[in-house]
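> Pasting in a structure now, in structure tokens, and then I'll have a few things to ask.
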Amino acid sequence: MPHHKTPLALEIHDLTVAYQSKPVVWDVDLSVSEGVLLAIVGPNGAGKSTLIKAALGLIPRASGDVEFFGTSYAQARDKVGYVPQRGSVDWDFPTNTLDVVMMGLYGQLGWFKRPGKREREIAMHALQQVGMQDFATRQISQLSGGQQQRTFLARALVQDAQLYFMDEPFAAVDAVTERAIVTLLQDLRAKGKTAIVVHHDLQTVPEYFDQVALLNKQLIAAGPVATTFTPENLRQTYGGRVSFLADGAQVVGMD
Amino acid sequence: MTSADRRTWLIILGLAIALLLCIPLSQIIFHINYNHTLTVVALGGAALGILASVIGCFAVLRHESLLGDALSHAALPGVAIAFLIAGRQIVALLIGAAIASWLGTQFALAITRTTRIKQDTALGIVLTGWFAMGLALLSYIQSRADASQAGLDKFIFGQAAAMVQSDVEVIAIAALIAFVLLALFWKELKLITFDREFAQANGVRVRALDLLLSTLLVLTIVVGLQLAGVILMVGLLIAPAVAARQWTHQLGQMVVLAAVFGAFAGGSGAIISGLDVALPTGPLMIVMASMIVFFSLAFAPGRGLVWQKWQQWRTRLSLTQGQPIAAQPQSEM
């Protein structure tokens, strides 16, 4: 492996995840530097969420190493933020928006300490950054999909991480939310932070991201958008089920 | 704290006071004599109601209601086998209950993991199968015509009349342990119940907390079996919690309100049952709890069916009158 002077934000080597002895993610090598916005794209069932969850240790891996800033996840945990899929949570839970955002600070508080005024202020500030400050006391079941997504983002922001994993943040959100997420991502990059985002909309990959990883159980290609996001690679990833408009500058994907 | 929150806390406090006032009121109106036995019974029922509803809040939010039912039903063969081994030693019976419950759920998990059968089906199989074995064993024990087996069938429907002070103390100690642990780990338990993956990614020990909640659930069920019975114990777990959920959107308020409802259901059910030895306790407690939950589902502001129908009627009215729908503030529920 090439030796880097400063550790990469994320280094995945030979990652394989199996479910009931069937490989769902296979032999993945991925290196991500700091200050990068990377999209992970692929058809349904390609293992995109699985890849992230395995890297974070949420599901067991059959083989492979993962390093965050040169160390294990347990040691780099306070530098990593995670935004799960919106659908992974029961939004009828009795709590309000501000409370959800404050949950992002529980790790900093440690056992037994209660969140107090300071945590409340940090959480309100994060809500302002995503334009949700007026919804602080709103019961979360009353939020729209986009508002729920922005709440999750605010919760990740309070963690003040260096590397963010986001699982389909743009899925089924309104235009205001989409703009808010894009602004947030660009803000993160400007601060030298990294975001790895599972993304479903091929159309917007070149516009929103610097780098892309094409995944279909195996990593087809990864690198800068300009050189990696090619019709040939896309055809390989989507198994020929991709159509191109006009001069190939616009891409529409079909799963 | 918002004014709406303050208002809800005041209502909960008012409700608790009103329920406490039921005691002197029932003495006056129904001429109930709170002798030592009835006091013990009332305290035991109320204490169990509080413990069960607080743990039940987490069971309901974690979608473990069926699991709670399976745990209670699966305890019966454990009670029977423990009796056959050790006689009528209450500690042995309860340990037998706990072991049988635990074995039942492990079996259900194994079915889910190794076959295509889904979790609710596996739990249903274990619930009915274990319970049937328990009934068969109890019939066998009764056929032996041994005087000491009298009262084993109280584990099916519960019997408050046989309660003694030490039983109440056991429930109170279990409740104290549960509350202390819940208070210590409150924010972590809230987090793993709401968003388990996020909790795990943040280094929260989800497995350990799962084990804590499961243990508290089994403890609650085992401690309550004598009073509520295996069949209806689950009602005491989930009905107050579901009722409380209709009136608040804060977890803390939900737990406290569920405790108030549970105290009322458990206490009044035990008292009524204690007055007439022929009436089993479990059904009475659940009848009270069910009245509370059906009332809540119907009439709670925001989530209640009556309230929603009224909102729809108002909307239809302003539409047919050609008025734009006035900017209605979103319900806090």
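The values are calculated or read from the model by the stated rules, or taken from the named source; none is laboratory data. Quick caveat: nothing in here was measured; it's all calculated off a predicted structure. Here the Cβ positions follow ideal geometry from the backbone for every residue, glycine too, while neighbour counts run over all protein chains shown. Each accessible area value is taken on the protein alone, full model and side chains, heavy atoms only, with ligands, DNA and RNA left out. Shrake-Rupley method; radii C 1.70, N 1.55, O 1.52, S 1.80 Å.
> Could you please give the count of residues in the range A:145-169 that are over 17 Å from residue A:95 (Cβ atoms) and open to solvent by 10 Å² or more (accessible area, probe 1.4 Å)?
Counting residues in the range A:145-169 that are over 17 Å from residue A:95 (Cβ atoms) and open to solvent by 10 Å² or more (accessible area, probe 1.4 Å) gives 6.
> Let me ask something else about it. Which one of these is within 14 Å of chain B (Cβ to nearest Cβ), open to solvent by less than 10 Å² (accessible area, probe 1.4 Å) and not in a strand (DSSP E or B): A:60, A:94?
It is A:94.
> Separate question: For residue B:202, work out the one condition from (1) out of contact with any helix residue (DSSP H, G or I) (no Cβ under 6 Å at 6 or more places or on another chain); (2) farther than 22 Å from residue B:253 by Cβ it doesn't fulfil.
Of everything listed in (1) out of contact with any helix residue (DSSP H, G or I) (no Cβ under 6 Å at 6 or more places or on another chain); (2) farther than 22 Å from residue B:253 by Cβ, residue B:202 misses just condition (1).
> Could you identify the single residue in A:189, A:179, A:118 that is open to solvent by 30 Å² or more (accessible area, probe 1.4 Å) and within 30 Å of residue A:64 (Cα to Cα)?
Testing whether each residue is open to solvent by 30 Å² or more (accessible area, probe 1.4 Å) and within 30 Å of residue A:64 (Cα to Cα) leaves just A:189.
> Does the range B:79-124 hold any residues that are open to solvent by 80 Å² or more (accessible area, probe 1.4 Å), in contact with a Phe, Trp or Tyr (Cβ under 9 Å, 6 or more places away or on another chain) and in a helix (DSSP H, G or I), and which are they?
Within the range B:79-124, B:103, B:107 qualify.
> Give the residue that is farthest from residue B:186 (Cα to Cα), with candidates limited to residues of the range B:237-251 that are at pLDDT below 95 and either touching a Gly at 6+ places or on another chain (Cβ under 6 Å) or open to solvent by 20 Å² or more (accessible area, probe 1.4 Å) (or both).
B:247
> Next up: If you go through the range A:63-87 one residue at a time, how many are under 30 Å from residue A:137 (Cα atoms), in contact (Cβ under 8 Å) with a residue 24 or more places away in the chain and either open to solvent by 30 Å² or more (accessible area, probe 1.4 Å) or facing chain B (nearest Cβ under 8 Å) (or both)?
8
> Hey, does the range B:135-142 have a residue that's within 14 Å of chain A (Cβ to nearest Cβ) and closer than 30 Å to residue B:80 by Cα?
no
> I've got another one for you. Just wondering, is there one or more residues in the range B:143-154 that are under 30 Å from residue A:106 (Cα atoms) and either within 14 Å of chain A (Cβ to nearest Cβ) or over 20 Å from the mean Cα position of the chain (by Cα) (or both)?
So far as the range B:143-154 goes, no, none of its residues is under 30 Å from residue A:106 (Cα atoms) and either within 14 Å of chain A (Cβ to nearest Cβ) or over 20 Å from the mean Cα position of the chain (by Cα) (or both).
> Do you know which of the residues in the range A:28-57 that are assigned to a loop (DSSP other than H, G, I, E, B) and within 14 Å of chain B (Cβ to nearest Cβ) is nearest to the chain's Cα centre (by Cα)?
Per the criteria, the residue is A:56.
> Tell me, please, whether a residue that is of a type in the set (Ser, Thr, Tyr) and closer than 30 Å to residue A:95 by Cα can be found in the range B:33-51.
No, every residue in the range B:33-51 fails to be of a type in the set (Ser, Thr, Tyr) and closer than 30 Å to residue A:95 by Cα.
> So, one more: Would you mind telling me which numbered condition in (1) open to solvent by 10 Å² or more (accessible area, probe 1.4 Å); (2) under 22 Å from residue A:154 (Cα atoms); (3) in contact with a Lys or Arg (Cβ under 9 Å, 6 or more places away or on another chain) residue A:45 fails?
Failed condition: (2).
> May I pose another question? Of all the helices (runs of 4 or more DSSP H) wholly in the range B:153-243, which have at least 2 residues that are in contact (Cβ under 8 Å) with a residue 60 or more places away in the chain?
Answer list for the range B:153-243: B:154-157, B:165-184, B:186-194.
> Could you grab me the full set of residues in the range A:63-83 that are of a type in the set (Gly, Ala, Ser) and not in a loop (DSSP other than H, G, I, E, B)?
Hits for the range A:63-83 are A:63, A:64, A:74, A:76, A:81.
> Name the residue that is farthest from residue A:35 (Cα to Cα), counting only residues in the range A:199-219 that are in contact with a Ser or Thr (Cβ under 6 Å, 6 or more places away or on another chain) and open to solvent by less than 30 Å² (accessible area, probe 1.4 Å).
Applying the filter and picking the extreme gives A:214.
> Does residue B:55 count as open to solvent by 20 Å² or more (accessible area, probe 1.4 Å) and either touching a residue at least 60 places away in the same chain (Cβ under 8 Å) or not basic (Lys, Arg) (or both)?
So residue B:55 fails the test.
> Can you name the condition, by its number, that residue B:184 falls short on among (1) modelled with pLDDT under 95; (2) within 18 Å of the chain's Cα centre (by Cα); (3) aliphatic (A, V, I, L, M)?
(2)
> Something else about it: Among what's in the range B:175-212 and is among the small types (Gly, Ala, Ser) and more than 7 Å from chain A (Cβ to nearest Cβ), pick the residue that is nearest to residue A:79 (Cα to Cα).
B:199
> Can you run down the residue pairs with Cβ atoms below 7 Å, 6 or more apart or on separate chains, where the first is in the range B:306-333 and farther than 22 Å from residue B:250 by Cβ and within 14 Å of chain A (Cβ to nearest Cβ) and the partner is modelled with pLDDT under 75 and assigned to a loop (DSSP other than H, G, I, E, B)?
That search, which allows pairs on different chains as well, returns nothing.
> Here is a further query. For the range B:1-47, give me the residue count where each residue is open to solvent by 100 Å² or more (accessible area, probe 1.4 Å), closer than 18 Å to residue B:166 by Cβ and touching a helix residue (DSSP H, G or I) at 6+ places or on another chain (Cβ under 8 Å).
1
> Can you tell me which residue in the range B:269-307 is least open to solvent (accessible area, probe 1.4 Å), limited to those that are polar (S, T, N, Q) and at pLDDT 90 or above?
B:296
> Output the residue which, of all residues in the range A:97-112 that are in contact (Cβ under 8 Å) with a residue 12 or more places away in the chain and farther than 24 Å from residue A:183 by Cα, is farthest from the other protein chains (Cβ to nearest Cβ).
Step by step, filter the range A:97-112, then rank; the result is A:108.
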